[in-house]
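First the structure, in the form of structure tokens, and then the observations on it.
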Amino acid sequence: MKIAIQGEPGSFSHEAALKFAADAEILPLSISTEVFRALAQGEADAAAIPIENSLAGSVSEHFDLLLSHDVKVERETLLRIRHNLIVVPGVTMDEIERVYSHPVALAQCRRFLAEHSGIRALASYDTAGSVKQVMESKDRHAAAIASEAAAGHYGAVILQAGIEDNPENFTRFFLVRRSGDAVIDPEANKLSLAFSIEHRPGSLVAVLEELSALGTNLTKIESRPVHGKPWEYIFYVDCQIRSAEEGARALEALRAHCAMVKELGRYKEA
């Protein structure tokens, strides 16, 4: 299986892709829109995308891309995010003047950065890409914040491990495939969907009451603006379901109250 990811080899998305398929061929791409384009055009069999972090929240762009492409979520997995200070071999802490990483990773290491106020934090496009940049430049005054896998991939060394503020740092990843290729796990107990509602009083309450009446457990709900339609919103929902029939009934119940309903995927909860 060829799995597309956003980011460089050694990134957290790379780790997640290998959790989905240990022998997968990885297709690293610069931005998320390229990942979905590669999937849609058949350049990749699947995509591994982060959808939610336990500290930073949802990856809103990926919800929008799931809605706008003919794809389905086939599986999910959880990845423990452990940040490390990574340098060129032989570099000491006293030499470091700058540290590079993705803005989310920098935000999750605020305490470490505050304790080392002489080190300037600089945003980069990717955690593993930051390690790649430091190693290619052989800059002894620069460091990166990234995973252990990134350090190993680029031949760098970990100067300090586990520098994240909170150890309860997990990211939920989806394995996404083209709708015609996605296989529903017979043990699927989770449903992700998107819907929009009519502009009338009580519409959202009516939708939630329908789910409640089915005994469906709502585990997540959030709204995203509709592009080109100010003050209109798409709602994204995750539900725990007890059977395929319950998932089908939930979708049917929503259609009576919603202007649009799209099933994003049925899969086994990680």
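Take the residues in the stretch 33-64 that are under 27 Å from Arg110 (Cα atoms) and touching a helix residue (DSSP H, G or I) at 6+ places or on another chain (Cβ under 6 Å); name whichever of them is surrounded by the fewest Cβ atoms within 10 Å (Cβ to Cβ). Once the filter is applied, the top-ranked residue is Glu61. Run Leu67 past the list (1) surrounded by fewer than 20 Cβ atoms within 10 Å (Cβ to Cβ); (2) within 21 Å of Glu148 (Cα to Cα); (3) touching a residue at least 60 places away in the same chain (Cβ under 8 Å) and report the number of the one that doesn't hold. Looking at each condition in turn, Leu67 falls short on (2). For the stretch 222-244, the condition of being in a loop (DSSP other than H, G, I, E, B) and either of a type in the set (Phe, Trp, Tyr) or within 18 Å of Lys72 (Cβ to Cβ) (or both) holds for at least one residue. Considering only residues in the stretch 130-141 that are surrounded by fewer than 24 Cβ atoms within 10 Å (Cβ to Cβ) and not hydroxyl-bearing (Ser, Thr, Tyr), the one that is nearest to Ile81 (Cα to Cα) turns out to be Lys132. Residues that are charged (D, E, K, R) and at pLDDT 85 or above were ranked within the stretch 198-218; the one that is farthest from Leu251 (Cα to Cα) is Glu209. Of a type in the set (A, V, I, L, M), assigned to a helix (DSSP H, G or I) and surrounded by fewer than 18 Cβ atoms within 10 Å (Cβ to Cβ), is that true of Ala248? The answer is yes for Ala248. The test for being part of a strand (DSSP E or B) and basic (Lys, Arg) does not hold for Arg111. Within the stretch 132-146, not a single residue is assigned by TED's automatic domain parsing to the domain that holds Ser30 and of a type in the set (Asp, Glu). Of Leu214, Leu204, all but one fail to be touching a residue at least 12 places away in the same chain (Cβ under 8 Å), in contact with a strand residue (DSSP E or B) (Cβ under 7 Å, 6 or more places away or on another chain) and surrounded by fewer than 19 Cβ atoms within 10 Å (Cβ to Cβ); the exception is Leu204.
The values are calculated or read from the model by the stated rules, or taken from the named source; none is laboratory data. Everything quoted here is computed from the prediction, not taken from an experiment. Reconstructed Cβ throughout: ideal geometry from the backbone, glycine too, with neighbour counts over all protein chains shown.
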